[in-house]
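J.: So that we are looking at the same thing, I have put the structure below in structure tokens.
Please treat every number below as a calculation from the coordinates, not as lab data. These numbers come from a predicted model, not from an experiment. Cβ coordinates were reconstructed from backbone atoms using ideal geometry, including for glycine residues, and neighbour counts include every protein chain displayed.
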Amino acid sequence: MKRVIGFFLALVLASAADAENAVRFVYKEPESRRDAAIKQEMEVLLPVDNVVRMLNDVFVIPRPLTIILGGDEGPSHDLESNEILLPYRFVGEVKDFFKQHNYQETGVGIQDAAMDVTLYVLLHEIAHAMIGMFDYPTLSGREENAADELTTVLLLEFFDDGTEVVISAADLVDLRSKAEKGAAKEDFWDLHDFLGEPRYYRTLCYVYGSNPKEYPELLEGTGITKQGAQVCINDYKKLTNDWSFMLGPYIKPGPEQPAGADAAESDPESKAPQTAPHSHLAP
Ligand SMILES: [Zn+2]
């Protein structure tokens, strides 16, 4: 998958002009003062322009995809119109939820956490769009899992602060499932059952597996054993290999590919820019 980043960087560094912009985004006029305030926050903090540029630069997008921010409906992706809807209301609800749960005590502010979740959800809907457009036949019946996995890979491999985004989103899932029915996580790891609530653990497992040296404490309190941690490393490797293979046919050839494509692999500073830095893992 690092190869994908290589392609991306080669394109960006060479400032390759691409006339076709198959993916575009539009902000709808807000209909209330609250929506107007949220729109303003999104314009400053949500890197939707980076996301769209990355999609247009890296992938062959078979048909136009429009991201509509604002409006009443969503978050959703409509396969027929190939439109993604992400209403301001959703961002407001996420902010309220994090506020209720005093999420700022984790060291990450409510606004940052809400934008993380919004970015995660935007990419999740984009993942649905990619699964639909790229016509992956083997994924029927488990598309939600596949969309989550692709979202995680895109965030961890393409975005500098992708880890923070994934953790905020995983925390939201965890807090919600605890609020809804109480936590029942003791048996999870033994069963290695990734259905339902264990989405949280699976996601943390991938984040850990993506860089175990950087996140040694991430699995604390999850019940995941040392042996389990090794499984996380293997699982993440497999995940990126699988998606690299699946996405391969839809990746645009870059000006320096394939010889220069791996140049970014050893350069940790080479990912795309992201939102203002914040960290769940700060001491
Ligand atoms: Zn979904």
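J.: Looking at this model, which pairs from Lys28/Lys99; Lys213/Lys237; Lys28/Lys178; Lys95/Lys178 are more than 22 angstrom apart at the alpha-carbon? Could you put the intermediate results ahead of the total?
T.: Details: Lys28/Lys99 26 Å; Lys213/Lys237 15 Å; Lys28/Lys178 34 Å; Lys95/Lys178 18 Å.
Pairs exceeding the cut-off: Lys28/Lys99; Lys28/Lys178.
J.: Can you tell me which of 161-174, 75-88 comes out highest on packing, and rank the rest after it, using the mean Cβ neighbours within 10 Å? Before the final figure, lay out the partial values.
T.: On the way: 161-174: 23.3, 75-88: 17.7.
The most tightly packed comes first, giving 161-174, 75-88.
J.: Neighbour counts of other C-beta atoms within 10 Å: give me Asp112, Asp160 arranged from fewest to most. Intermediate values should be presented prior to the final figure.
T.: On the way: Asp112 24, Asp160 15.
The most exposed by this proxy come first: Asp160, Asp112.
J.: When Met115, Met54 are ordered from fewest to most other Cβ atoms inside 10 Å of their Cβ, what list results? All intermediate terms of the calculation are to be shown ahead of the outcome.
T.: Details: Met115 25, Met54 20.
The fewest-first ordering by Cβ neighbours comes to Met54, Met115.
J.: Provide the convex hull volume over Cα atoms per residue for the range 27-185, in Å³. All intermediate terms of the calculation are to be shown ahead of the outcome.
T.: Numbers: hull volume 21.4 nm³, N = 159.
Looking at the range 27-185, the number lands at 135 Å³ per residue.
J.: Using the 10 angstrom Cβ neighbour count as an exposure proxy, how do Glu149, Glu217 rank, fewest first?
T.: Details: Glu149 20, Glu217 9.
So the residues, fewest neighbours to most, are Glu217, Glu149.
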